[in-house]
Amino acid sequence: MRKPIIVGNWKMNKLSKDAMDFVKEVDGKLHDAGDFGIAPPYTALWTAQHYAENLIVAAQNVHFEPSGAYTGEVSIEMLQELGIKWVILGHSERRQYYNETDEAINKKVKVCLENGLTPIVCVGETLEEFEADKTEEVVRRQTRDCLANLEGDVNSIVIAYEPVWAIGTGKSATKEIAQDTCALIRDELKNVLSQEAAETIRIQYGGSVKPDNIAEYLAQPDVDGALVGGASLKVDSFLELVNAVK
Ligand code: PGA
């Protein structure tokens, strides 16, 4: 069966020193029933990776070109130099504020797989799309377009279903919505990748996940973990999420 995976997306929070303190506190308190990780900002990646023995340390983005005139961007090789093996791609904040498209995300997924990095690919509908009953259309399209024409270890990919209206709003999706949409995404994985990939790929739910609601998501058959923002920033709350995985 699929091993649950919980990743804390720190967004633009915490300094290197905070990352060091966090990792030192948390790293020895994980367990084997799940995979657990954090995604610090670029500036704290080296420190987090340096102190992490058990925690996955993920970047929050990467550029698809290997080098060049892309001011402010970071390449795969730059992440690899820090020992980073995971990267979040296509987070809705990147899509909304930095105009990231499915096409660009697809290029990023490709270069990650070519270079042995594991992508956590985010999909999810906006409030407007949700209210217009377009969730299925949107997540199927995003899944198809972000994962088109891939080669390499596609089964290692992690998908995060994050309804945009639930991110940072305290308004989490019901467990039924999370389950139904993750099941749709899994169905689309069959079309775009394979039956085996659909059965193997882990799909996280994200959007106002907290210690007091994570168990209900983890209990859903098609939800294999969580991508967590706010509730991943404090050691105590992160460890409560870790201990919700049995
Ligand atoms: P949130 O963020 O848990 O603070 O809603 C989730 C995310 O953006 O990944």
Long-range neighbours under 7 Å by Cβ, at least six apart or interchain, first residue closer than 10 Å to K110 by Cα and touching a residue at least 24 places away in the same chain (Cβ under 8 Å) within region 142-155, second surrounded by 16 or more Cβ atoms within 10 Å (Cβ to Cβ) and among the charged types (D, E, K, R): C146/D102; L150/K110
Is it the case that some residue within region 67-82 is within 18 Å of L227 (Cβ to Cβ) and either in contact with a Leu (Cβ under 8 Å, 6 or more places away or on another chain) or at pLDDT 95 or above (or both)? no
Please go through region 196-224 and give me each residue that is within 16 Å of the ligand (Cβ to nearest atom), open to solvent by 60 Å² or more (accessible area, probe 1.4 Å) and in contact (Cβ under 8 Å) with a residue 40 or more places away in the chain, ordered by number. E216
Count of region 3-49 residues which are touching a Phe, Trp or Tyr at 6+ places or on another chain (Cβ under 7 Å) and either under 16 Å from P211 (Cα atoms) or within 16 Å of the ligand (Cβ to nearest atom) (or both): 9
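Return the residues of region 169-184 that are within 16 Å of the ligand (Cβ to nearest atom) and surrounded by 14 or more Cβ atoms within 10 Å (Cβ to Cβ); say none if nothing qualifies.
Of region 169-184, the ones within 16 Å of the ligand (Cβ to nearest atom) are 169-175, 177-178, 181-182.
Selection gives S172, A173, K175, I177, A178, T181, C182.
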Report those helices (runs of 4 or more DSSP H) wholly inside region 89-172 carrying at least 3 residues which are in contact with a helix residue (DSSP H, G or I) (Cβ under 7 Å, 6 or more places away or on another chain) and charged (D, E, K, R). 135-146
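The values are calculated or read from the model by the stated rules, or taken from the named source; none is laboratory data. Bear in mind the structure is a predicted one, so any value in this text is a computation, not a measurement. Every residue, glycine among them, receives a Cβ derived from its backbone with ideal geometry; neighbour counts consider all protein chains shown. Ligands, DNA and RNA are stripped out before the accessible areas are found, and what is left, the full protein with its side chains, is counted by its heavy atoms. Shrake-Rupley method; radii C 1.70, N 1.55, O 1.52, S 1.80 Å.
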